[in-house]
Amino acid sequence: MHYTSVPNIMKVIKPLFLDELSEELEAGKYEPKRLLNLLDRIGKIKIFDPACGSGNFLIIAYKELRALEIKILQQLKELQRAVSGFEPKQLELIPKAQLTLASQFQLEMFSRIELSNFYGIELDDFAHEIAILSLWLAQHQMNMKFKEVLGTANPTLPLRAGGNIIIGNATRLNWEEVCPKQGCEVYILGNPPYLGGKGQSALQKQDLELTFKGSKNFKELDYIACWFLIASRYITPDSKFAFVTTSSLCEGSQVEQIWPLIDSMGNEIYFAYAPFNWTNNAKAKAGVTCSIIGLRKVSNGRKYLYGKNVRHEVQNINGYLTTGSNTYITKKLTSLSNLPAMITGNSPYDGGHLLLTPEEKNKLVLNFPNARNYLKKVIGSKEFINGIERWCLWISDEEENKASKIPPIKERLEAVKKFRVSGGEVATGLIDRPHRFRYIHQCKRSQLVIPRVSSSRREYIPFGFLDSSYIISDSAQAIYDSDPYVFAVISSKLHMLWVRLTSGKLRGDIRYLSALSYNTFPFPPISVSQKQELERHVFHVLEEREKHSEKTLSHLYDPEKMPEGLKMAHHELDMAVERCYRSKPFTTDEERLQYLFNLYEQMIAAQKEKGTLFELSQASNPKKKKKAHA
């Protein structure tokens, strides 16, 4: 069976409920009444896994509660034994109230924890049966442990309820009917299915639509978002939940689609694990990056962020799993900071027939020298970062007839047309232009290349300038004829922190999203002299790269191989960009992000106020309004 490893399950159940119960045991270890109350409490706790699989979360939670119960009973037994064996002088040191309780309470040696308090939902019939059987086995194991330590145990036979595990689709069932919560302490936990949009079946897409009914913005969410939203609706002040989740739920566009909804229900994240590489006990281990997130109703309780075996107490945890305020970045079509437009590169929609390898290009030019007039270097993220050479046919409308007289080009254009005829709506709209890419963006002088995908290992995304002899493909983005200082802004540490927070992820790599990472980036207005200073640092970075021109950008920006000169040039550029924000240096990344969030909130508020004033002025002057519409 595909199930979660015990260490990862413990990362869920310890902060969810086990740590608090263990602390209560320690705090009341010499107070019999407090221990008896704790014993009664854990006997009433309900554990609910709404995607339980073969039941491993339920099994480990059951075993840990039983182990805690044994410790409590051992401590009570020790207290009774200690009181009966004390000398008179020792008895004088113990408060009379506790002495009376310790001598008078009746200690009944049986387990209060029943399998009937363990609930689960599972879609697969076989996994459902395995979960029930596994809970029976866990009960028998813990009964034997109980007897070994305390001398007696509840009888395992005859078998009774093996937990309330039902078969069904957890996104369609009423959780309140599966696990009644009224007046109960309920802990929901598990590892629900992740499944990004492309991996979802038609039925799962319907599950999302039903779960998020009434919400307009949810179609980019991973399937696991259903469990987060339903659990958020289910919990009360007596209930909490924690799930292992794909970290993409806390990255990019998914953040603004799910977390404001959860916040609006009066919930808060009270513990979270920073993203980590996922491992489990299946043969084919899932190659994903995960987080663990725990939620409860808003309270004054403590909040913790976990990372690299360290626990930090914090004031707040937002949907990005940072300590900033619950401000969520919303996509923008233009730059908040009035930076030049960044657009996606040129999409060929060609079935590969407009693109050529160096070998294909050389053969074409060798046989038809005039073909050189219709060829340009084409570059995308992979080519730019790894120094890969590619070419494309780049034919204007005026040149189409002339270029088509070259037989290999004519064959390629016919193949493009055939591909587009059988394509989707966009492709069929381009049938009459087989010689052209969908878009034909070009620069006049230079263009700034922004790779759409870059390794998350790199401290900086390798941006760069190209001249007009290159065509940028749609696997990259571009700023055409940009002022050089913009390179400094987007290459800075401040921007990279923003990108890591707002961008999506593609197999763990950074997926740069201009609408979320560039257009939303808060950058203050700067003077001409400040722009000139940034440009000096840009040219210094480019000069350091040029000193190692034989190496690819992939090599130069490998964190283990980055040349010291280039590293220092980037550091100096970082400092120059930060001085655009304030004269006092930042000391931590948390401080940098908090400053950026505060500035973002101010700029958004100012933009809204400006828009409101404009609307008011139009409303008060019908002539202006009519002119504006015209």
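The values are calculated or read from the model by the stated rules, or taken from the named source; none is laboratory data. Since we're looking at a predicted model, the values are computed, not measured. Every residue, glycine as well, gets a Cβ built from its backbone with ideal geometry; the counts of neighbours run over all protein chains shown. Heads up: the accessible areas ignore ligands, DNA and RNA and are worked out on the full protein's heavy atoms, side chains in. Shrake-Rupley method; radii C 1.70, N 1.55, O 1.52, S 1.80 Å.
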- Amide hydrogen neighbours beyond the local backbone of residue 475, cut-off 5 Å, H modeled: 381
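Before rounding to the nearest 500, sum -39500 (n - 2.57) across all DSSP H runs of length at least 4 in the chain and divide by the residue total; then give [θ] at 222 nm in deg cm²/dmol.
-13000 deg cm²/dmol
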- Message: So if each residue of separation counts as 0.36 nm, and I subtract the Cα-Cα distance between residue 529 and residue 571, what length gain in nm does that give?
- Response: 13.1 nm
- Item | Stretchable slack from residue 428 to residue 370, in nm (0.36 nm times residue separation minus alpha-carbon distance) | 17.9 nm
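With a probe of 1.4 Å, find how much accessible area the chain has per residue, and write the answer as a whole number in Å².
50 Å²
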- Message: Just to verify a number: what accessible area does residue 610 come out at with the full protein assembly present, 1.4 Å probe, Å² rounded to tens?
- Response: 150 Å²
- Measuring from centroid to centroid over Cα atoms, what is the spacing of the stretch 451-465 and the stretch 242-264 in Å? 25 Å
- Amide H to amide H, which residues 5 or more places from residue 460 or on other chains are under 5 Å from it, using H placed in the peptide plane? none
- Item | Dipole of the chain, positive direction: furthest Cα of 5, 334, 316, with charges on the beta-carbon | 334
- Given the peptides 490-501, 404-415, arrange them by the average over their residues of other C-beta atoms within 10 Å, most packed first. 490-501, 404-415
- Ignoring everything but the protein chains, give the 1.4 Å probe accessible area of residue 136 in square angstrom, nearest 10. 70 Å²
- Task: Mind sorting out which of [x] 59, 30, 24; [y] 37, 31, 23; [z] 48, 25, 24 is the real semi-axes √(5λ) of the Cα gyration tensor in Å computed from the coordinates?
- Result: [x]
- Measuring from the longest principal axis of the C-alpha atoms of the chain, the long axis of helix 589-620 (C-alpha) lies at a number of degrees, nearest 10, equal to 60 degrees
- Run down the aspartates and glutamates and flag those whose C-alpha is under 17 Å from the C-alpha of residue 584, throwing out any fewer than 8 positions away in its chain. 572, 574
- Note on the structure: With every protein chain in place, the accessible area of residue 209 for a 1.4 Å probe, in Å² rounded to the nearest 10, comes to 100 Å²
- Query: Using a Förster distance of 45 Å, how high is the FRET efficiency between residue 598 and residue 71, based on the Cβ-Cβ distance and rounded to 0.05?
  - Reply: 0.45
- Query: In nm, to one decimal, how far is the modelled label at residue 219 from the one at residue 133, with both set 7 Å along Cα→Cβ?
  - Reply: 4.4 nm
- Message: Taking all protein chains in place and a 1.4 Å probe, what share, in percent, of the accessible surface of the chain do carbon and sulfur account for?
- Response: 52 percent
- Which value, in debye to the nearest 20, describes the size of the charge dipole of the chain about its Cα centre when Lys and Arg Cβ atoms bear +1, Asp and Glu Cβ atoms bear -1, and nothing else is charged? 1080 debye
- Query: Measuring from centroid to centroid over Cα atoms, what is the spacing of the stretch 484-547 and the stretch 389-440 in Å?
  - Reply: 35 Å
- With an 8 Å cut-off on Cα pairs and a minimum separation of 6 or more residues, tell me the relative contact order of the chain in percent. 11 percent
- Task: Can you tell me the 0 to 90 degree angle between the C-alpha axis of helix 407-421 and the longest principal axis of the chain, rounded to 10?
- Result: 40 degrees
- Task: Provide the packing ranking of 564-573, 473-482, i.e. peptides ordered by the mean count of other C-beta atoms within 10 Å per residue, highest first.
- Result: 473-482, 564-573
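For the chain, give me the percentage of DSSP beta bridges that are antiparallel, rounded to the nearest 5 percent. Before the final figure, lay out each step's value.
Numbers: 40 of 62 bridges.
Around 65 percent of the beta bridges assigned by DSSP in the chain are antiparallel ones.
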- Item | Among 383-395, 458-470, the order from most to least packed when residues are scored by Cβ within 10 Å on average | 383-395, 458-470
- Message: Need the list of lysines near residue 551 for cross-linking: C-alpha distance under 29 angstrom, and skip anything on the same chain fewer than eight residues off.
- Response: 361, 363, 376, 377, 382, 444, 493, 505, 561, 567
